[in-house]
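Visitor: This is the structure I have questions about; it appears just below.
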Amino acid sequence: METFEILTLAANTLNDKKAMELVAVKINDISDIADYFLICTATSNTHIKALADEVEEKLKEKNVTPHHIEGRSSDWLLLDYGTVVVHIFGRKSREFYSLDHMWQDGEQVDLSQILTSALEE
């Protein structure tokens, strides 16, 4: 899968599973870490796990597996797909780490253009 397809599938999966404050930031012009960060907030640790499991499952169906996973038992779970890094936060960790602010020099992606459920409603 191409990078933008991974981003699109992950974003739609998170959106469908009721992730909150979903944001995508294109960072390839300012960092070598990845091309995109996909950031969202979950309502609980159970929700964090459910969101991560669903993203993993949907991408695995397309033969895309994460290179690395961090935080399985914390308030912040990271799924590293190389070019796309998915950050799933609990509320307190999202506020504390403030990745949205830290990566504000990146290009905000207009998710309304890629979220199919937003287009269908």
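The values are calculated or read from the model by the stated rules, or taken from the named source; none is laboratory data. Nothing here was measured: the structure is a model prediction, and the numbers come from that model. Because the Cβ atoms are built from the backbone with ideal geometry, glycine has one as well, and the counts that use them run over all protein chains shown. SASA here: full protein model, heavy atoms, side chains in, ligands and nucleic acids out. Shrake-Rupley method; radii C 1.70, N 1.55, O 1.52, S 1.80 Å.
Visitor: Find which of Phe4, Val85, Tyr97 sits farthest along the positive direction of the dipole of the chain, computed with +1 on the beta-carbon of Lys and Arg, -1 on that of Asp and Glu, about the Cα centre.
Guide: Of the options given, the answer is Tyr97.
Visitor: Would you mind working out the magnitude of the charge dipole of the range 23-85 relative to its Cα centre, with +1 at each Lys and Arg C-beta and -1 at each Asp and Glu C-beta, to the nearest 20 Debye?
Guide: Rounded to the nearest 20 debye, it is 120 debye.
Visitor: Keeping all protein chains in place, calculate the accessible area per residue for the chain (probe 1.4 angstrom), answer in Å².
Guide: 56
Visitor: Now, a different point. Can you give the translational diffusion coefficient of the range 1-72 in µm²/s, computed by Stokes-Einstein from the Kirkwood radius over Cα pairs at 20 °C and 1.002 mPa s?
Guide: Using the Kirkwood radius from Cα pairs, D works out to 167 µm²/s.
Visitor: In whole angstrom, and with the biggest value first, how far do the Cα coordinates of the range 30-83 range along each principal axis?
Guide: Result for the range 30-83: principal-axis Cα extents of 31, 28, 15 Å.
Visitor: Place a +1 charge on the Cβ of each Lys and Arg in the chain and a -1 charge on the Cβ of each Asp and Glu, then give the dipole magnitude about the Cα centre in debye, rounded to the nearest 20.
Guide: It works out to roughly 500 debye.
Visitor: Provide the packing ranking of 84-93, 62-71, i.e. peptides ordered by the mean count of other C-beta atoms within 10 Å per residue, highest first.
Guide: Going by the mean number of other Cβ atoms within 10 Å, highest first, we get 84-93, 62-71.
Visitor: Could I ask something else about it? Once you have all Cα-Cα distances for the chain, histogram them in 10 Å bins from zero and send the whole-percent values.
Guide: All Cα pairs considered, the percentages come to 14, 50, 34, 2.
Visitor: Ignoring ligands, DNA and RNA, what percent of the 1.4 Å accessible area of the chain is carbon and sulfur?
Guide: For the chain, the apolar C and S fraction of the accessible surface comes to 47 percent.
Visitor: Is it possible to state the helix-based mean residue ellipticity at 222 nm for the chain, with each DSSP H run of 4+ residues giving -39500 (n - 2.57), the sum divided by total residues, to the nearest 500 deg cm²/dmol? What is it?
Guide: -11000 deg cm²/dmol
Visitor: Something else now. Which order do Tyr81, Tyr97 take when ranked by solvent-accessible area (1.4 Å probe, heavy atoms of all protein chains), largest first?
Guide: From most accessible down to least: Tyr97, Tyr81.
Visitor: What number results when the radius of gyration of the range 73-114, computed over Cα atoms, is divided by 2.2 N^0.38 Å?
Guide: Computed over Cα atoms of the range 73-114, the ratio equals 1.29.
Visitor: Have a look at Trp76, Leu22, Thr43 and report the one farthest towards the positive end of the charge dipole of the range 16-76, computed about the Cα centre with Cβ charges (Lys/Arg +1, Asp/Glu -1).
Guide: Value computed over the given set: Thr43.
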